[in-house]
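Each value in this text was obtained by applying a stated rule to the coordinates, not by laboratory testing. This is a predicted model, so every value here is computed, not measured. Methodologically, a virtual Cβ is constructed for each residue, glycine included, from the backbone with ideal geometry; neighbour enumeration extends over all protein chains shown.
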């Protein structure tokens, strides 16, 4: 037995010694899956490509997948790796197999291997998988910005197209897609049968000559009925040219500014109201090299009233109103819609996910059609065919072979009426079934604006032309001024709605309230969580946490939000899809974000969805009144006692643990005396100040107070505060 043990030990030592003798990577890659190999090479990427690391020697490159290895190494490290060969979606990689993954860093700060100059026909093959390569004189076929989600794009070499994958952790995301020919560097990778280039950063984009390089998307601002500003930035100095027109031919000419700068702004004037203009920026450097932006659509303001109405199908809490009162329309949303149908003069376009006639909506639509109103309908492929067949006018369903669903919820009425006070956009979270209209908590927002109606019609026409999902383009205006208010509109998946979501969430300076049916994207949950670190107050409601994806997002938010995160969990569907930023801080751009878009991957990359973003204190407060009622119904104590007819107090969170925020606003300026006492009447804090019509805020540190009942007294009137530990 001793002899056998010694012999086996000797064999094992020989095996390990053999396995740890490095071989060239190209030899390792032709061995069988599962074989143990040892290779040496230079690491060529960092965390910008996720957990995978690529390494390269003089013969070839290979992927290494191991979290400990990824955390330990950085680009330029010379490493030795011993592990098992694996084929993951046809990508050859080294990974841990039991305890067989070993690595060591031999040296650091080595120069990276020079990218191999290859043609696309040669480079997009197995021979260069895992290696740094450079392709010269290629051009992206996509326009606009690189999306914030990991996405594949096509490049063109003059004859064929190839795949480039931009990973969401790179600094490439949300930057303009180059419109000119460039040289492109990256690591050649593979996913199933597709070879794809992985650029690591913006430095892998090599521009020909010395162009200014446009580094931001075109921004529209100062929108009026006859003018707007267009601005953009460049990495290097260049002059400014803006070409524009009512078509993509940019037939109206160009405005030029010969000054060299990196911050460019041009005013377009003499325009027509409620009109789409196509705009392209060009910047030329002193050397004569130029950069061009994509051609982008922009809209002037309309002559419409800009009236905005909001309705809810569940009770609201008007006690927290600081102006207009929110309207609860009990079992009458359908009647409201029918009234709009009856007032239509020319056209009704509808894009809806579910629909029935239990509430008489279809009858109202037929009545409109019988009066000569032109009706069109875009539906999902799964719509009830009996209902679909009864729909008057022209209609189309989404191709069932296209991934995702047609999940929009909007109606456009009289978009092209000669009277600018006729066009209507009806949207929000509700479908048009009986349960959705009368049982499941939902919101409706109705906007009277011709510019917005025309933009929604552009999206509708694209779907009516049988383009859905990823076949749609980013081709609608985004920015509007509606009755003096800033409004944004986005459509998925052509627009990168997730980027707007994160941007809008990040702009909440004081408070953020959200009500959402489905939250399954952890990056969106993280964007919400990030506001906590900036001392923003959060309160939210989820429909449920029944799936692993929902639960993962709940687990991100719950430890920080605690009692301020509620799960509805009722028999009905909590169907809202909105958030409200800073509704009680009027100098902080109060904003509402609502529409059909759940905060999910399907909504982002596959489904047809719509979102409107309204920057207005009154609309924000109206949604806040609804949120407070939903939150309180679930046992939350968010708001507010209406303890004086001339002013209003808000104190949150309640119960509180560490910090209580107090906001007071009134109809007129008034002197306020505030006392914070324990249940015995001992005064713990006292403050005097004068409030105005805008909210005045004050914070109380409660971290060192014992759990129990406390009293907040203002001008002799009292609200109970509960401190929990």
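Some observations on this one:
- Length available on full extension from residue 673 to residue 722: 0.36 nm per residue minus the Cα-Cα distance, which gives 15.6 nm.
- Calculated FRET value between residue 571 and residue 171, using beta carbons and R₀ = 45 Å, to 0.05: 0.45
- Radius ratio Rg over Rh of the range 647-723, counting only Cα atoms, Kirkwood formula for Rh: 0.96
- Length, then width, then depth: along the principal axes, the Cα atoms of the range 204-254 run 41, 23, 19 Å.
- Multiplying the residue separation of residue 272 and residue 286 by 0.36 nm and removing their Cα-Cα distance gives an extension gain of 1.5 nm.
- Cα gyration tensor category, rounded, prolate or oblate, for the range 474-537 with a/c compared to 1.5: oblate
- Distance histogram in 5 Å bins (all Cα pairs of the range 14-95, percent per bin): 3, 16, 29, 26, 18, 6, 1, 0
- The value of relative contact order for the chain, using C-alpha pairs under 8 Å at least six residues apart, is 8 percent.
- Extended-chain gain in nm, criterion 0.36 nm per residue less alpha-carbon gap, residue 27 and residue 384: 122.6 nm
- Relative packing of 156-162, 459-465, which averages over residues the other C-beta atoms within 10 Å, highest first: 459-465, 156-162
- Acute angle (nearest 10 degrees) that the helix 450-464 long axis makes with the longest principal axis of the chain, alpha-carbon atoms: 50 degrees
- Spin-label model, residue 332 to residue 261: label points 7 Å out along the Cα-to-beta-carbon direction sit 5.4 nm apart.
- Rounded to 10°, Cα long-axis angle of helix 497-506 versus longest principal axis of the chain: 70 degrees
- Where the Cα pairs of the range 335-402 fall when distances are cut into 5 Å bins, in %: 4, 17, 29, 25, 15, 6, 3, 0
- Here the spin labels are modelled as points 7 Å beyond Cα on the Cα-Cβ line, and at residue 401 and residue 434 they lie 3.7 nm apart.
- Dmax and Rg, reported as Rg then Dmax, of the range 489-633 (C-alpha, Å): 13.9, 39
- Modelled FRET efficiency - R0 45 Å, residue 121 with residue 97, Cβ distances, 0.05 increments: 0.80
- Peptides 511-524, 615-628, 204-217 ranked from most to least packed, by the mean per-residue count of other Cβ atoms within 10 Å: 615-628, 511-524, 204-217.
- Label assignment, Rg/Rh (Cα atoms, Kirkwood Rh) derived from the structure, set (1) 1.03; (2) 1.10; (3) 1.16: (1)
- Placing R0 at 41 angstrom, the Cβ-Cβ distance between residue 363 and residue 507 gives a FRET efficiency of 0.40 after rounding to 0.05.
- Cα-based equivalent ellipsoid of the range 354-496: semi-axis lengths in Å, sorted from largest, via gyration tensor: 23, 20, 16
- Extending 7 Å from Cα along the Cβ direction at residue 137 and again at residue 461 yields two label points whose distance is 3.8 nm.
- When you count the other C-beta atoms within 10 angstrom of each residue and take the mean per peptide, 526-534, 108-116, 280-288 line up highest first as 280-288, 526-534, 108-116.
- Multiplying each eigenvalue of the alpha-carbon gyration tensor of the range 219-299 by 5 and taking the square root yields semi-axes of 23, 13, 10 Å, largest first, rounded to whole angstroms.
- A helix-only calculation puts the chain at -5500 deg cm²/dmol for mean residue ellipticity at 222 nm, using -39500 (n - 2.57) for each DSSP H run of at least four residues, averaged over all residues.
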